[in-house]
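*Asks:* Quick one: structure below, then a few questions.
The values are calculated or read from the model by the stated rules, or taken from the named source; none is laboratory data. From a predicted model like this one, the values you see are computed outputs, not experimental measurements. Cβ placement follows ideal geometry from the backbone for every residue including glycine, while neighbour counts extend to all protein chains displayed.
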């Protein structure tokens, strides 16, 4: 059973990994527009990690289960610490244009949504499900923002 705390710990790790990849990509491009998008995405990932860290989480570990809870949390964190889903360093270095950047970024956000939706099926606590649904909604918001930015940037470059 996953608690809201477990999910938030995983989410923080996912968001931090995304921020790290986006920041590195922003430093490694000579294209000003791409660097701006990479930096915006890194800032968004950082903001979401901070949001997850600042959630006021109730303690829901049943008495006598503290050791199992700690082991489960450590295992989840170890599994997720280097996981970036579709945002691998090599993939980001291979991006040569804004269209590719937006496509890869949207893929990452979609992978994150799918991961959180899969976690939802393991949750028994309705309050935790409500909070996780809020997280999923935030990720859908990233998708909409990326789609809007793609239309704006790609539209500008096609008119040039």
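*Asks:* Could you tell me whether the range 134-144 includes any residue that is over 24 Å from residue 98 (Cβ atoms) and surrounded by 13 or more Cβ atoms within 10 Å (Cβ to Cβ)? Explain how you work it out, then say what you get.
*Replies:* Applying the first criterion (over 24 Å from residue 98 (Cβ atoms)) to the range 134-144 yields 134-137.
If we keep only those that are surrounded by 13 or more Cβ atoms within 10 Å (Cβ to Cβ) too, we end up with 135-136.
Checked against the condition, which is being over 24 Å from residue 98 (Cβ atoms) and surrounded by 13 or more Cβ atoms within 10 Å (Cβ to Cβ), the range 134-144 yields at least one hit.
*Asks:* Going by the structure shown, is residue 154 buried (at least 16 other Cβ atoms within 10 Å of the Cβ), in contact with a helix residue (DSSP H, G or I) (Cβ under 9 Å, 6 or more places away or on another chain) and without any contact (Cβ under 8 Å) to a residue 60 or more places away in the chain?
*Replies:* Details: buried (at least 16 other Cβ atoms within 10 Å of the Cβ): no; in contact with a helix residue (DSSP H, G or I) (Cβ under 9 Å, 6 or more places away or on another chain): yes; without any contact (Cβ under 8 Å) to a residue 60 or more places away in the chain: yes.
Taking the combined requirement at face value, the residue does not satisfy it.
*Asks:* Residues that are modelled with pLDDT of 85 or more and within 15 Å of residue 11 (Cα to Cα): does the range 141-149 have at least one?
*Replies:* yes
*Asks:* Now a separate question. Working only within the range 104-114, note down all residues that are in contact with a helix residue (DSSP H, G or I) (Cβ under 8 Å, 6 or more places away or on another chain) and either touching a residue at least 60 places away in the same chain (Cβ under 8 Å) or surrounded by fewer than 16 Cβ atoms within 10 Å (Cβ to Cβ) (or both). Walk me through it before giving the result.
*Replies:* Initially, the range 104-114 is screened for residues in contact with a helix residue (DSSP H, G or I) (Cβ under 8 Å, 6 or more places away or on another chain), giving 104-106, 108-110, 112-113.
Hits for the range 104-114 are 105, 108, 112.
*Asks:* Which residue is nearest to residue 31 (Cα to Cα), if the candidates are limited to the range 115-140 and must be part of a helix (DSSP H, G or I) and at pLDDT below 80? Lay out the reasoning, then the answer.
*Replies:* Quick first cut of the range 115-140, residues part of a helix (DSSP H, G or I) only: 115-120, 126-140.
Restricting the remaining residues to those that are at pLDDT below 80 gives 119, 128.
Details: 119: 37, 128: 42 Å.
In this case the residue turns out to be 119.
For (1) over 12 Å from the mean Cα position of the chain (by Cα); (2) surrounded by fewer than 22 Cβ atoms within 10 Å (Cβ to Cβ); (3) modelled with pLDDT of 85 or more, each residue gets a yes or a no:
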{"site": "5", "(1), (2), (3)": "yes, yes, no"}
{"site": "28", "(1), (2), (3)": "yes, yes, no"}
{"site": "33", "(1), (2), (3)": "yes, yes, no"}
{"site": "40", "(1), (2), (3)": "yes, yes, yes"}
{"site": "44", "(1), (2), (3)": "no, yes, yes"}
